[in-house]
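The values are calculated or read from the model by the stated rules, or taken from the named source; none is laboratory data. Fair warning: this is a prediction, and the values are worked out from it, not measured in the lab. Note that each Cβ is placed from the backbone with ideal geometry, even for glycine, and that neighbours are counted across all protein chains shown. Each accessible area value is taken on the protein alone, full model and side chains, heavy atoms only, with ligands, DNA and RNA left out. Shrake-Rupley method; radii C 1.70, N 1.55, O 1.52, S 1.80 Å.
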Amino acid sequence: MPHGNEPSQPFHATTILMVKKGGLTVIGGDGQVSFGQTVMKASARKVRRLAKGAVIAGFAGATADAFTLFERLEAKLEQFPGQLLRASVELAKDWRTDRYLRRLEAMMLVADDKTALVLTGTGDVLEPEMTEHGAVAAIGSGGNYALAAARALIDTDLSAEAVVRKGMRIAAEICIYTNENLVVETIGG
């Protein structure tokens, strides 16, 4: 029987890609939600603005779980305004230790104009490694495909948004749980 963040059924929800380059952070997510071998929805919105537009966040995992996490992160951002890292650490602590939250099956990418982070249910709050060209992170079913594509494109003349769009398109061509119905949000600059 699954516990913690192990999936209880064959649920594949998305691909989310974050690129930090040229003073901008861009998060893009596809719209496909799949259950087993069935596409349940092709145009879900899994990238959102929080904290009155000051934070962008994308999730991969069970949809209801992600909405719970968005609400919890929003509450932490209200508690710690302008402190995305602190709010994320507090959310990760709760996520890891709270009996209800521990069962949530999701991961998140979050960013404001200064910070970009990966959040997991095991208490991880990870900042993607910056190189001279920028930083990339990805989560979800097609995350590794999108990550590889973005890493290959980050040192080109493409903008952060163009890298996200192209990386997501490549992931959609490879991963059957990813489609090309993108929602892309940008912050910074």
(message) Need one number: nm distance between label points at GLU78 and ALA162, each 7 Å from Cα along Cα→Cβ, rounded to one decimal.
(response) 4.1
(message) Net charge within 11 Å of LYS52 by Cβ-Cβ distance, Lys/Arg positive one each and Asp/Glu negative one each, not counting LYS52 itself?
(response) -1
(message) Run lengths n ≥ 4 of DSSP H only: what is the helix-derived mean residue ellipticity at 222 nm for the chain, with -39500 (n - 2.57) per run over all residues, to the nearest 500?
(response) -10000 deg cm²/dmol
(message) Can you order the peptides 21-33, 65-77 by their average number of other Cβ atoms within 10 Å per residue, highest first?
(response) 21-33, 65-77
(request) Output the relative contact order of the chain, whole-number percent, from Cα pairs under 8 angstrom with separation of 6+ residues. (result) 32
(message) Give me the percent of accessible area attributable to carbon and sulfur for the chain, probe 1.4 angstrom.
(response) 51
(message) What distance in nm separates the two pseudo spin-label positions at ALA148 and LYS52, each 7 Å out from Cα along the beta-carbon direction?
(response) 4.4
(request) Post the alpha-carbon centroid distance, segment 29-66 to segment 112-189, in whole angstrom. (result) 15
(message) Through the Karplus equation 6.51 cos²θ - 1.76 cosθ + 1.60, θ set to phi - 60°, convert the phi angles of segment 124-131 into ³J(HN,Hα) values in whole Hz; use x for Gly and Pro.
(response) 6, 10, 10, 9, x, 5, 7, 10
(request) Calculate, for ARG169 and ASP113, the FRET efficiency according to 1/(1 + (r/R0)^6) with r their C-beta to C-beta distance and R0 25 Å; round to the nearest 0.05. (result) 0.40
(message) Which order do you get for SER141, SER159, SER88 if you rank them by accessible area with a 1.4 Å probe, largest at the top?
(response) SER159, SER141, SER88
(message) Can you compute 3J(HN,Hα) from phi for each residue in segment 165-177, using the Karplus curve 6.51 cos²θ - 1.76 cosθ + 1.60 with θ = phi - 60°, rounded to whole Hz and x for Gly and Pro?
(response) 4, 6, x, 5, 5, 5, 4, 5, 6, 9, 8, 6, 9
(request) Might you tell me the accessible area per residue for the chain, computed with a 1.4 Å probe and given in Å²? (result) 49
